[in-house]
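The values are calculated or read from the model by the stated rules, or taken from the named source; none is laboratory data. Keep in mind that what you see is a predicted model, and the values were worked out from it rather than measured. So basically every Cβ, Gly included, is an ideal-geometry build from the backbone, and we count neighbours across all protein chains shown. All accessible areas refer to the heavy atoms of the entire protein, side chains included, with ligands and DNA or RNA removed. Shrake-Rupley method; radii C 1.70, N 1.55, O 1.52, S 1.80 Å.
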Amino acid sequence: MELIVAKSAGFCFGVKRAVDCVYDKLKRGTIYTYGAIIHNKEVIKDLERQHVTIVDCVEDLERIRGFDGEIIIRSHGVTPSVYEALSTNEIAFTDCTCPFVKKIHSIVKEEYEAGFHIIIVGNENHPEVLGINGWCDNSAIILDCIETAKTYAVNHCFDKQKKYSMVVQTTFQTNVFQQINEFLAEFLTLKVHDTICSATNERQKEAVDMAKRVDKMIIIGDTGSSNTQKLYEISKKYCKNTFLCETIHDLQLNIFSTNDKIGITAGASTPPTILKEAINIMSELDNQLFEEMISKSFVTLHTGDVVKGTVIQVSNGEVTVNLGYKSDGIISRAEYSDDPHVNVDELVKAGDEIEVYVVRVNDGDGNVQLSKKRLEATKGFTVIEEAFNNNEIVRGKIVDIVKGGFISLIENIRVFVPSSQISNRFVEDLKSFKGKEFNFKILEFDRSKRRIVAGRKELAQKEYEELRVQVFEKLTAGEKLNGVVSRIVDFGAFIDLGGVDGLIHISELSWGRVKKVKDVLSIGDKVTVTVLEVNKEKGKISLSLKDVDSNPWNDVAERYPIGAVVTGRVVRMVPFGAFVELKE
Ligand code: F3S
């Protein structure tokens, strides 16, 4: 908003002089004014409060004869009869008639005495015009517009044989005065005195200039003031959005906007306080509208909104986001992801566009609390629900081991996986699953309780079956394979051959006698085994840990020839003899 205040706005010299005089004399005693000192209700009300009384006719002066105080004659001036009454009734007075008005009085008096007929251009009811008319014995022809002048001419009110002298009300419109002058000059002997006050001229000229270049125009002044009315009329011609008000409070301020260029001027009887108040309120309005505009330019946020923003900085897992809101948003490390392995500083960088969930509009420090994981979770919840309904497979990562099972992060939601559902076979080492990714089936989904249970036992079994078919296709007896001990039982050890288990019977663990499997193998041992038999029908693979090449029976005839004397250890006694161990 741009405010332009007219330099000529407000009290003119004559009005200021009269008003100052009243306030000054107030301090010294009882004050009357002849007529309202000024055409402004606010000032008049204030003077009333201070016991200033208005008298407005000669009879009133007779009534207050002999009062102890003073009477002030206003700037509009009075008729000679008023001065006479003041004198007759011995009333002290101060004459605040504006010198420019006084000048008109003397012109009229002199010209009237010199035989001129007086024409006054002005408003016939205006106190100044009434006062002037008194100086020619109230004989003047009073014209307030060109139409009146023409009507008078048509009705033969002018005598072309006589001489006329014309004066004009100090606050009258120059152009109307000129029209009347031009019209009368054509058929009258006319002496013209342009007595329009230069202050009025200046004020009106400035108002016109201003009205031509502003969007809205405010005229401040009393609606009963003629010069204020004229300011309004001439401004309205050039600026259709011209508003007249006695004080700024009379205006509905919501008609103004930040883009407006606004002109302010005020009539000659508008006190500086009223003008100043208007300027202050309009300036405040400008600030308010500006603030409103600024706040409108920010996006509005509510808890639960999902919005897009731009990453400003990432530091120690905390992400600062510009949301176009008046405060920045913060995603803490905990609100970014539930996956402890995620390194936020590597995932996002300044300048990235990011979609976030608003947790709180003000986190207490003036920032917006945001969450990435809650947004993902909301989306993830829907994905998981669909997977559950359609019996589809989802992918997840085991991030925690808890009582009775695991927590898998599936679509950024922490989902419980019971221990019994993590595999198709017995699992001794639960920790080995942590940090690994698997396919899962959603076993339970309850949106209202936000309960989700996943498992992979069935999937693992299926995978195992498929793998076993492939392995059985490839395996042949006598083949040597590498494997890992996955389970130990009394009768042997199961070897994981890459997803499919084979069995080493206890008798196939060593060429010697083995009492307990655990004396030879432990879970997790890496071993090289020989395939003894592949039974596709029964789905069994028999393995041996014995190295065929080191079969001690291969060279037994050479090492133990008949008749040789050897040393051995009796290991078992049976009814039919004794077993002697010659070599392990
Ligand atoms: Fe005097 Fe001009 Fe004001 S005539 S009262 S200074 S408008």
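Does residue 455 qualify as being over 15 Å from residue 542 (Cβ atoms), in contact with a Leu (Cβ under 9 Å, 6 or more places away or on another chain) and loosely packed, with under 15 Cβ neighbours inside 10 Å? Considered against the rule, which asks whether it is over 15 Å from residue 542 (Cβ atoms), in contact with a Leu (Cβ under 9 Å, 6 or more places away or on another chain) and loosely packed, with under 15 Cβ neighbours inside 10 Å, residue 455 comes out as no. Restricting attention to the range 357-416, the residues that are open to solvent by 70 Å² or more (accessible area, probe 1.4 Å), part of a helix (DSSP H, G or I) and over 24 Å from residue 463 (Cα atoms) add up to 3. If you go through the range 47-89 and keep only what is within 16 Å of the ligand (Cβ to nearest atom) and either more than 17 Å from residue 23 (Cα to Cα) or of a type in the set (Lys, Arg) (or both), you end up with 74, 76, 77, 78. For the range 246-264, state whether one or more residues are at pLDDT 90 or above, closer than 27 Å to residue 38 by Cβ, open to solvent by less than 50 Å² (accessible area, probe 1.4 Å) and within 16 Å of the ligand (Cβ to nearest atom). Within the range 246-264 (the criterion being at pLDDT 90 or above, closer than 27 Å to residue 38 by Cβ, open to solvent by less than 50 Å² (accessible area, probe 1.4 Å) and within 16 Å of the ligand (Cβ to nearest atom)), the answer is no, since none of the residues qualifies. Filtered by the rule that a residue be in a loop (DSSP other than H, G, I, E, B) and in contact with a Gly (Cβ under 9 Å, 6 or more places away or on another chain), the range 294-325 gives 298, 299, 301, 323, 324, 325. Please determine whether any residue of the range 119-138 is in contact with a strand residue (DSSP E or B) (Cβ under 6 Å, 6 or more places away or on another chain), surrounded by fewer than 16 Cβ atoms within 10 Å (Cβ to Cβ) and on the phi < 0 side of the Ramachandran plot. Yes, the conditions are met somewhere in the range 119-138.
Here residue 423 meets the list (1) open to solvent by less than 30 Å² (accessible area, probe 1.4 Å); (2) under 22 Å from residue 335 (Cα atoms); (3) among the polar types (S, T, N, Q) almost entirely, failing just condition (2).
When the residues of the range 326-338 are filtered to those that are in a loop (DSSP other than H, G, I, E, B) and open to solvent by 20 Å² or more (accessible area, probe 1.4 Å), the one that is nearest to residue 413 (Cα to Cα) is 338.
Specify the residue that is surrounded by the fewest Cβ atoms within 10 Å (Cβ to Cβ); the eligible residues are those in the range 298-325 that are within 12 Å of residue 367 (Cβ to Cβ) and at pLDDT below 90. Restricting to residues being within 12 Å of residue 367 (Cβ to Cβ) and at pLDDT below 90, the top hit is 325.
Candidates 495, 504, 541, 442: the one that is within 30 Å of residue 410 (Cβ to Cβ), among the hydrophobic types (A, V, I, L, M, F, W, C) and surrounded by 17 or more Cβ atoms within 10 Å (Cβ to Cβ) is 442. Elements of the type helices (runs of 4 or more DSSP H) sitting completely within the range 119-236 and holding at least 2 residues that are in contact (Cβ under 8 Å) with a residue 40 or more places away in the chain: these cover 127-134, 174-185, 198-213. Among the residues of the range 10-52, those identified as of a type in the set (Phe, Trp, Tyr) and outside any helix (DSSP H, G or I) are 11, 32, 34.
Across the range 101-117, the number of residues qualifying as open to solvent by 30 Å² or more (accessible area, probe 1.4 Å) and more than 13 Å from the ligand (Cβ to nearest atom) comes to 9.
In the range 172-194, the qualifying residues are those that are open to solvent by 20 Å² or more (accessible area, probe 1.4 Å) and within 16 Å of the ligand (Cβ to nearest atom), and the one that is nearest to residue 38 (Cα to Cα) is 173.
Applying the criterion of being under 18 Å from residue 92 (Cβ atoms) and open to solvent by less than 10 Å² (accessible area, probe 1.4 Å) to the residues of the range 18-46, the residue that is nearest to the ligand (Cβ to nearest atom) is 18. When residues in the range 512-538 are screened for being in a loop (DSSP other than H, G, I, E, B), open to solvent by 90 Å² or more (accessible area, probe 1.4 Å) and not acidic (Asp, Glu), 5 of them pass.
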